[in-house]
Each structure stands twice: as structure tokens, then as C-alpha cells.
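These notes concern the structure reproduced below.
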Amino acid sequence: MVKFSKKLAVNSKFKLKDFPTNLKDEITKDQAKAELKKLRKKIAAIQDKMYANDRYNVLICLQGMDTSGKDSLIREVFKAINVRGVVVESFKTPTEKELQHDYLWRHEIKLPEKGKFTVFNRTHYENVLVTRVHPEYLLNEQIPHITDPKHLPSDFWKIRFEQINNFEKRLTENGMIVLKFFLNVSKDEQKNRLLSRLEEEDKNWKFSPGDLKERALWDKYMECYEDAIKNTSKKNAPWYVIPSDSKPVSRYLVAKIIYEILSEYKDIQYPEMSEEVEDHKRKYKEQLEAE
């Protein structure tokens, strides 16, 4: 059986063009939907043990171009998990308060508690993607010595990659499991989904004129994604490039990888009861059976 956590993982020779946007020859939509139902339950079972175990936490990072299917993926993949066990955080334009801190602060305060999952729908990587495509946004951060974002120090983005790597290294060294997914949708499929937003009444609300402006910058975004993913995919916090022209397949692949990785943590188990608790259990059982 294919182990997608190996097949879709990014390595040091990463080139985005080498990763497909669909796997139609390997799995059908119907197969993906059927398998996802099974995986939901398996992931939920692991999360229940994790909550009781209270040692690990999981951060799921989702990035992708507009229409890549992040929202529906979150809904479908995590719907079986107890509501106490998963939190979804979305990051839009930074608020005035958030801009009074460094760019990682607003992500830091939304990290998962022990025993829980947090899903970042768009992530701290916006700070090396959107701000790289639109460097004028950097002025809002009021970074010392940055007065002309079109002429940044030559090592500016390299330093940001290092900061992000150090941030994630600290998290994983303290028990957090960090998994990062880039939903790789083709430009043609994005066009179809944007047209759907215009043509289907129940999707009109999703459309924004800004969608087309960002679409015109597609090649620049792909260049920035490739550079960011290549420089921040580490053994402790790997990136996976998910074929996303089919939403059912995309959801299945993300769920499959989450399950494959979490299954490797053999110490995520329900805690053992002390002898005192076991003795109480035995006595209570005897009392109940005697009634």
C-alpha cells in the first residue's frame, strides 16, 4: 500500500513542478470519500487517547492558493473529532494590536494546548508569501531600518525562514507534532472554481474582485511557495504537497498522512491507572454487582 507521508513529502531537491495537482490514475473520488470515512474515525480515536494522555499536541498548517479547498477540507477531515479536541484558527490581515508585536506573535498565542489539535487555515507562512509578493505590506510591521520594501537586505527572506524554522523547532522539542500541507491546485482548476463562484448563487458570496488580482500574480506566488517550502521543510516539521484538483482526493490524502504520522507515536495511549485507582475500581464493581 502507498505510504503517502513518504510519497508526498518534500525533500532537499524540491521543485514544485515535480508534484502533480491530481492523482486521478491512482484513486477515484468515490474511493477517496469511502476511505476518508474510515480515517476520520481512526484519527478521532488517536485524538481521544492524546487528550487523555495530555503530553502531545498537534498543529496542522494548511496553505494554498485561493479556491484550493482549505475550508471544506477542514470540515470534512476533522468532523469526527470531539469538539473539545480540535480548534480552527484563521489568520487574515493583521489587526492594529497584532502589528504591535513581531509577526509570529499572533500565531504563537493560538497554538494548541496539550492533548488537542489546532488547524491553522492560512498560517505564519503568509509572512514569507503574501508579504513577499506584496512587500509594501512590510511597512505595516514597522520593522527598524526597513523604509523601502522594494529594496530589502539581500538576506531578509533567508533570515525569516531561519526564524520560522527556529520557532517550529522549539515547538516540536516540547512535544508538539507539526504537519504542514500545501494544497497544490492547478491554475486551470482555480479558474473553474472561480467561475463556479460567479455562476452558482450559493457561492457568490465567496467571490471578491481581489481574487482576480491575486490570480494575475500566480507565477510569483508559485515561485515564493517553492522557495518557502524548500527552505522550511524539516524532519521535525515536514511539508507535504497535496494534489488538490480533486477536493475529495485532497481531503483523503491529508487525513491519510495525519493518520500515518500519528500512528508512529506508539506512546500515545490512555494513561495507566495507579494501583489505588484500580483497587477502587474493583471495589466499586463488586458493590454494583452485589446490588
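Does GLU272 count as modelled with pLDDT under 95, closer than 15 Å to THR67 by Cβ and not polar (S, T, N, Q)? Break it down stepwise before answering.
Details: modelled with pLDDT under 95: yes; closer than 15 Å to THR67 by Cβ: no; not polar (S, T, N, Q): yes.
The answer is no for GLU272.
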Can you confirm whether the stretch 254-275 contains a residue that is buried (at least 17 other Cβ atoms within 10 Å of the Cβ) and among the polar types (S, T, N, Q)?
no
Check the stretch 125-144 and report whether any residue there is surrounded by 13 or more Cβ atoms within 10 Å (Cβ to Cβ), among the charged types (D, E, K, R), more than 23 Å from TYR225 (Cβ to Cβ) and touching a residue at least 12 places away in the same chain (Cβ under 8 Å).
no
Scan the stretch 154-164 and tell me whether some residue there is surrounded by fewer than 17 Cβ atoms within 10 Å (Cβ to Cβ), among the aliphatic types (A, V, I, L, M) and under 23 Å from TYR240 (Cα atoms).
yes
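In the stretch 221-239, what residues are in contact (Cβ under 8 Å) with a residue 60 or more places away in the chain and more than 14 Å from LYS17 (Cα to Cα)? Write out each step before concluding.
Of all residues in the stretch 221-239, those in contact (Cβ under 8 Å) with a residue 60 or more places away in the chain come to 221-222, 224-234, 236-239.
Across the stretch 221-239, the qualifying residues are ALA228, ASN231, THR232, SER233, LYS234, ASN236, ALA237, PRO238, TRP239.
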Pairs please, first residue from the stretch 196-209 and closer than 18 Å to SER68 by Cβ, second anywhere and hydrophobic (A, V, I, L, M, F, W, C) and modelled with pLDDT under 65, Cβ atoms under 9 Å, 6+ apart in sequence or on different chains.
ARG197/TRP205; ARG197/PHE207; LEU198/PHE207
Near pairs, Cβ below 7 angstrom, 6+ apart or cross-chain, from the stretch 261-289 (within 23 Å of TYR240 (Cβ to Cβ) and in a loop (DSSP other than H, G, I, E, B)) to any residue that is of a type in the set (D, E, K, R) and at pLDDT 90 or above:
ILE268/LYS49
For the stretch 111-124, which positions are among the basic types (Lys, Arg) and surrounded by fewer than 18 Cβ atoms within 10 Å (Cβ to Cβ)?
LYS114, ARG122
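If you go through the stretch 45-77, how many residues are polar (S, T, N, Q) and not in a helix (DSSP H, G or I)?
Just the residues of the stretch 45-77 that are polar (S, T, N, Q), to begin with: 47, 53, 57, 63, 67-68, 72.
From what's left, not in a helix (DSSP H, G or I): 57, 63, 67-68.
Counting residues in the stretch 45-77 that are polar (S, T, N, Q) and not in a helix (DSSP H, G or I) gives 4.
Please tell me if VAL58 is at pLDDT below 95 and over 30 Å from ARG215 (Cα atoms). Working first, answer last.
Working: at pLDDT below 95: no; over 30 Å from ARG215 (Cα atoms): yes.
Against the criterion (at pLDDT below 95 and over 30 Å from ARG215 (Cα atoms)), VAL58 does not qualify.
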Among residues belonging to the stretch 225-253 that are assigned to a strand (DSSP E or B) and β-branched (Val, Ile, Thr), point out the one that is surrounded by the fewest Cβ atoms within 10 Å (Cβ to Cβ).
VAL241
Using beta carbons and a limit of 6 Å, which pairs, at least six apart or on different chains, have the first residue in the stretch 78-94 and farther than 19 Å from GLN63 by Cβ and touching a residue at least 24 places away in the same chain (Cβ under 8 Å) and the second one part of a helix (DSSP H, G or I) and not aromatic (Phe, Trp, Tyr)?
ALA80/ARG40; ALA80/LYS41; ALA80/ALA44; ILE81/ALA44; ILE81/GLN47; GLY85/GLN47
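The values are calculated or read from the model by the stated rules, or taken from the named source; none is laboratory data. Predicted model only: the values in this text are computed from it and were never measured. Positions of Cβ are backbone-derived with ideal geometry, glycine not excepted, and every protein chain shown enters the neighbour counts.
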